[in-house]
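Structure first, commentary second.
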Amino acid sequence: MSVLPRRRNGEIPATDGVVIRMAGIRKVYDTGKVKVEALRGIDLVVHRGEFVAVVGPSGSGKSTLMNLVGCLDTPTEGGLADARNRRVGFVFQSFNLLPQITAFENVEMPLLFGGVGKRERQARVTELMDRVGLADRMEHRPTELSGGQMQRVAIARALAMNPDVVLADEPTGNLDTSSGGDIMGLFEELWRQGRTLVVITHDMALARRAGRIVEVRDGLILRDEPTGSVATLREARASHG
Amino acid sequence: MRAGLVFQLFLASSRVQKKRAVLTIASIAWGSVALLLLLAFGEGLKQQLSRGSAGMGTNLAVLWMGETSRPWQGLPAGRAIRPRVDDVNLLRERIPGLVGIVAEMRNWRTAFTYGAKTVNGRLTGSSPEYGELRNFYAQPGGRFIDALDEASKRRVVFLGNERAKEIFGDEDPVGKTLLINQTPFTVVGVMKRKIQMGTYGGPDAENAVIPLSTYVAMFGSDRVGNIVLKPERPGEMPRVLADVRRIMGAKYGFDPADEKVFPTWDTVETGSVMRNILLGIQVFLGVIGALTLMIGGVGVANIMYATVKERTREIGVKMALGARPSWIVAPLVLEGLLYTVVGGAIGLVLGMILIVLIGLIPTAGNDALEFLGKPTVSPLIGVATAAILGLVGLLAAYFPARRAASVDPAQTLRYE
Ligand SMILES: Nc1ncnc2c1ncn2[C@@H]1O[C@H](COP(=O)(O)OP(=O)(O)OP(=O)(O)O)[C@@H](O)[C@H]1O
Ligand SMILES: [Mg+2]
């Protein structure tokens, strides 16, 4: 049985299916004394197969936006389309791997939670670890891995349940420039394979490698535009015929 | 969820808190020891007491001879009613469903002389049935008063073991002759030592019993001192007592409903009161034990809260990865239960060893130890201890686990 949707390398995924649709989203944190209006009216549509980079200064509301998309939190006001039925894979800045168990078992975890059978788990985890280039590190514990490797394990884990969208909050924030670039490369590869990705980053250079940049400032979307990467991808598709 | 993974997670986290885990298990063990010992002491006390209350005989009623408290058919109140020995024989004939009914005559200052030694004390005259009703059992080599003694007014005496010791010292009294109020009597038996809680007039160990017929001849009066009776079924006691008043009332002319005529000690009634008191004592001891165990439970809850706090991030991650709350809660509850079960098992084993050791301490001869020093385990105690342990474990694990289930992943996953 096919574990992940197999697409031929370089194939351009269709972008018509809507994965995320937010309309007039507001989020107010009520800490008792003060009310922080983290999001003040967000409209955002992300289609299947898109690679969106979310940028913006610290405190602008990026993580809040991400939590709402991933259903880890609920908006104070506004519409969030078919959020519940959507499968989401998370990647965190601090990896959030469980230190007591091996890389393999970390990737296996969501499959266990999803009730996937043992044989299929084995196959899927092996394939994912191979995909993120860590086939030889499966039995290592997270503490025995470098930051970049840990983040790869986390990405494999996020992909395990074959999610509709992968959400990554500053996935390169804890990594040096070169490992950060590698992780971004992995995301590009996933994008080429048809994955939908939303990645928060501070690094504009990395953001430009995504297909679309959404800039958040003070809880509002200031800018939302495609990058040249999409064109590159289109050219790739065109030349592929 | 894969059991191995759960176990691995458990081991990994409990390694971090090994010291805390050991202390917690120790406190649960201590609580279990306390609970088990208290319950066992309570049970031992109860069994000793019921054995003790059985010492006087069970399901008896003792009737004293009193006065009428109300006028009856022209007769005034305040008349003393003094039945005779024959009246007791009448009652024996007329009342069905009796194990026995006997007259008991007593003299409080009787001189017992053996050789050069004279002691003063109680003398009782009663029928052979008296021995059965009131649990006078003879030591080997002797016997109680029998029917022949009674029929032929023999001068024989059955001595309480303390009285025998007082008069004869280390000598074997059976077959010896002593003087009772200057009249020679032969000792036919000495009472086997018994634990006696209830007494009226003094313990049986200090008594001396002679045949009723002999007593009447000796003291020249056949007015009954008191009546001792026992129905075949304890529940019939009220009916039997009513029969006594009805038959005697008809003969002596008093209101059969007048309970003051024969002031009565109904041991069926007082026995049930005592059983309730004993149950109360046991519950009280159990509550103290349970509270001690509860302290251990607080320890478990504490360690579980700490665990949940330490693993908040882990829990948040698992939730973000799609874990259902029960998958978060179940391993934590299991962990809490495990501490309780391990601690409880250690405690119960230690407790049993202690109970056996305490049971080995000789207590014969020391009254206080005889009542307190015999902790006893019953199946009910086992069930109660296990149930309390389980409850403590569940409670101690449930609340922390509930906190774990309410972890907000968005909060915990914020980058620190
Ligand atoms: N749980 C919370 N309670 C109160 N205020 C909060 C909470 N979470 C976020 N905020 C506030 O909401 C605003 C947006 O926070 P958010 O974490 O979304 O910013 P961000 O864009 O992710 O910043 P960074 O780049 O530093 O991660 C900030 O002012 C923050 O203080
Ligand atoms: Mg953030």
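Taken together, the values in this text are just the output of simple stated rules run on the coordinates, not laboratory data. Source: prediction; values computed, not measured. Glycine also receives a Cβ, built like all others from the backbone with ideal geometry; neighbour counts cover every protein chain displayed.
What FRET efficiency comes out for A:ALA23 versus A:ALA135 if R0 is 41 angstrom and r is the Cβ-Cβ distance? Round to the nearest 0.05. It would help to have the intermediate numbers written out before the result.
Numbers: r = 43 Å, r/R0 = 1.05.
With a Förster radius of 41 Å, E is 0.45.
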>> Within 10 Å of each Cβ in A:113-125, how many Cβ atoms from other chains are there, averaged over the peptide?
In response: 1
>> Cut-off under 14 Å on the C-alpha distance; same-chain residues fewer than 8 positions from B:LYS46 excluded. Which aspartates and glutamates are left, in chain and number order?
In response: B:GLU370
>> Which of A:ALA168, A:ALA205, A:ALA53 ends up with the largest GNM mean-square fluctuation for chain A, with Cα atoms connected below 10 Å?
In response: A:ALA205
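What does the structure give for B:316-326 when I average, per residue, the other chain Cβ atoms found within 10 Å of the residue Cβ? Spell out each step's value before the answer.
Numbers: counts 3, 10, 6, 2, 12, 15, 13, 5, 2, 0, 0.
Partner-chain Cβ atoms within 10 Å, mean over residues of B:316-326: 6.
Would you please put A:169-180, A:22-33, A:193-204, A:101-112 in order of how densely packed they are, using the mean number of other Cβ atoms within 10 angstrom per residue and starting with the highest? Before the final figure, lay out each step's value.
Details: A:169-180: 18.7, A:22-33: 13.4, A:193-204: 20.9, A:101-112: 22.9.
Top of the packing list down: A:101-112, A:193-204, A:169-180, A:22-33.
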> When the Karplus curve 6.51 cos²θ - 1.76 cosθ + 1.60 is applied with θ = phi - 60°, which whole-Hz ³J(HN,Hα) does each residue of segment A:213-219 get, with x for Gly and Pro?
Replying inline: 10, 10, 9, 9, 9, 6, x
> How long is the gain from B:ALA387 to B:ARG79 if the chain were fully straight, where each residue apart is worth 0.36 nm and the alpha carbon distance is subtracted?
Replying inline: 104.9 nm
>> Counting only other chains, and only Cβ atoms inside 10 Å, what mean value do you get across the residues of A:89-98?
In response: 5
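For chain B, what is the calculated [θ] at 222 nm in deg cm²/dmol (nearest 500), taking -39500 (n - 2.57) for each run of four or more DSSP H residues and dividing by its residue count? Let's see the in-between values first.
Numbers: 14 runs with 229 residues, N = 416.
Calculated at 222 nm, the ellipticity per residue is -18500 deg cm²/dmol.
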> Helix-derived [θ] at 222 nm for chain A: sum -39500 (n - 2.57) over DSSP H runs of at least 4, divide by residue count, nearest 500?
Replying inline: -10000 deg cm²/dmol
> Out of residues 5 or more away from A:VAL18 or on other chains, whose amide H comes under 5 Å of its own, with H placed 1.01 Å from N in the peptide plane?
Replying inline: A:ARG48
>> Give the average over all directions of the projected area of the C-alpha convex hull of the protein assembly as shown, one decimal, in nm².
In response: 47.8
> Residue by residue through segment B:253-265, which ³J(HN,Hα) values in whole Hz follow from phi under the Karplus form 6.51 cos²θ - 1.76 cosθ + 1.60 (θ = phi - 60°), with glycine and proline marked x?
Replying inline: x, 8, 5, x, 8, 7, 7, 7, 5, 10, x, 10, 9
> Of A:GLN122, A:MET138, A:GLY70, whose Cα points farthest to the positive end of the dipole of segment A:70-142 (charges on the beta-carbon: +1 Lys, Arg; -1 Asp, Glu; origin at the Cα centre)?
Replying inline: A:GLN122
> Given +1 on the Cβ of Lys and Arg, -1 on the Cβ of Asp and Glu, and no further charges, what dipole in debye does chain B carry about its Cα centre, rounded to the nearest 20?
Replying inline: 1140
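Just subtract the alpha-carbon distance of B:ALA217 and B:ARG275 from 0.36 nm times their residue separation and send over the number in nm, one decimal. Can you show the working numbers first?
Details: separation 58, 0.36 × 58 = 20.88 nm, distance 4.19 nm.
Fully extending the segment from B:ALA217 to B:ARG275 adds 16.7 nm.
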>> Beyond a 26 Å Cα-Cα separation, which of these cross-linked pairs lie in this structure: A:LYS35/B:LYS318; B:LYS192/B:LYS230; B:LYS18/B:LYS309?
In response: A:LYS35/B:LYS318
> In what sequence, highest mean first, do B:186-196, B:269-279, B:93-103 appear when ranked by Cβ atoms within 10 angstrom?
Replying inline: B:186-196, B:93-103, B:269-279
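Would you mind putting B:36-45, B:315-324 in packing order, based on average other-beta-carbon counts within 10 Å, highest first? Don't skip to the end; give the middle numbers.
Working: B:36-45: 23.2, B:315-324: 21.6.
Highest-to-lowest ranking by the protection proxy: B:36-45, B:315-324.
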